Amino acid sequence: MYHPILALLGALVFVRLLMVGGDGACTIIIGNTFANAAGENWKYFASFMGAVGAFFAGSNTVSNMTFGGIQDSIAQNLHLSRTTILSLQNVGGAMGNMVCINNIVAVCSILGIMNKEGFILKRTSFPMVIYGLIAAMLAFFI
């Protein structure tokens with residue numbers, strides 16, 4: 001259990017560091033940069049920010065805690081539906097769990113699979129992108 005604990009602890013510390021710094025926090029800078037780049041099209045990309053959060057954090061809940069406030073402020077700044085953007089954040093968190101290193105390491109550890117983490121990550125990345133594209137298409141109609 002030594003190696004999975006190190007991986008999980010490192011990811012949680014990383015997510016916490018992303019949130020330190022108030023308005024200068026990495027999460028705020030990332031959110032504002034994405035919003036400025038995407039503009040009115042943000043709803044097509046909002047789920048991918050949720051996926052990034054879950055990828056690093058290992059949890060949809062932590063992704064929502066990390067990026068939910070940012071997504072809400074982006075929605076308000078761009079005059080988009082807050083409900084839609086926050087829903088896409090949550091969908092993205094589920095997407096990110098598909099490729100989350102923490103989950104892959106934990107599963108490999110429990111099943112006794114050695115040195116297949118990269119293979120699993122590659123195999124789950126494509127379905128995650130398809131899932132994100134479906135979420136973006138649905139956002140078009142909302």
Q. Residue farthest toward the positive end of the dipole of the stretch 1-136, with Cβ of Lys/Arg at +1 and Asp/Glu at -1: which of Y131, L18, A51?
A. Y131
Q) In degrees from 0 to 90, rounded to the nearest 10, what is the angle of the helix 2-18 Cα long axis to the longest principal axis of the chain? A) 20 degrees
Q) Counting Lys and Arg as +1 and Asp and Glu as -1, what is the net charge of the other residues whose Cβ lies under 15 Å from the Cβ of H79? A) 0
**Q.** Nearest-20 debye value, the stretch 2-141 charge dipole, Cβ charges on Lys, Arg, Asp, Glu
**A.** 280 debye
Q: May I ask you to list the residues of the stretch 104-122 whose amide nitrogen lies under 15 Å from a point 7 Å from Cα along the Cα→beta-carbon direction of L6?
A: 105-106, 109, 115
Q. Each residue of the stretch 127-137 in turn: what ³J(HN,Hα) in whole Hz from Karplus with 6.51, -1.76, 1.60 and θ = phi - 60°, glycine and Pro shown as x?
A. x, 5, 5, 4, 4, x, 5, 5, 4, 5, 5
Q) Among L6, L88, T27, which residue has its Cα positioned farthest towards the positive end of the charge dipole of the chain, with +1 placed on the Cβ of Lys and Arg, -1 on the Cβ of Asp and Glu, and the dipole taken about the Cα centre? A) L6
Q: With a cut-off of 18 Å, note down the residues of the stretch 84-107 whose backbone N falls inside the zone around a label point 7 Å from the Cα of S125 toward its beta carbon.
A: 95-105
Q. In nanometres, what is the gap between the two model label sites at N115 and F141, each 7 Å from Cα along Cα-to-Cβ?
A. 4.7 nm
Q) Relative contact order, percent, of the chain when contacts are C-alpha pairs under 8 Å separated by at least 6 residues? A) 27 percent
Q.
Can you compute the helix-only [θ] at 222 nm over the chain? Use -39500 (n - 2.57) per DSSP H run of at least 4 residues, normalise by all residues, nearest 500 deg cm²/dmol.
A. -27000 deg cm²/dmol
Q: Relative to the longest principal axis of the C-alpha atoms of the chain, give the angle of the C-alpha long axis of helix 26-38, reported between 0 and 90° and rounded to the nearest 10°.
A: 50 degrees
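Here, each number is a calculation from the coordinates, and none is a lab measurement. In this text, all values refer to a predicted model and were calculated from it rather than measured experimentally. Ideal geometry is used to build each Cβ from the backbone, glycine not excepted, and the neighbour counts take in all protein chains shown.
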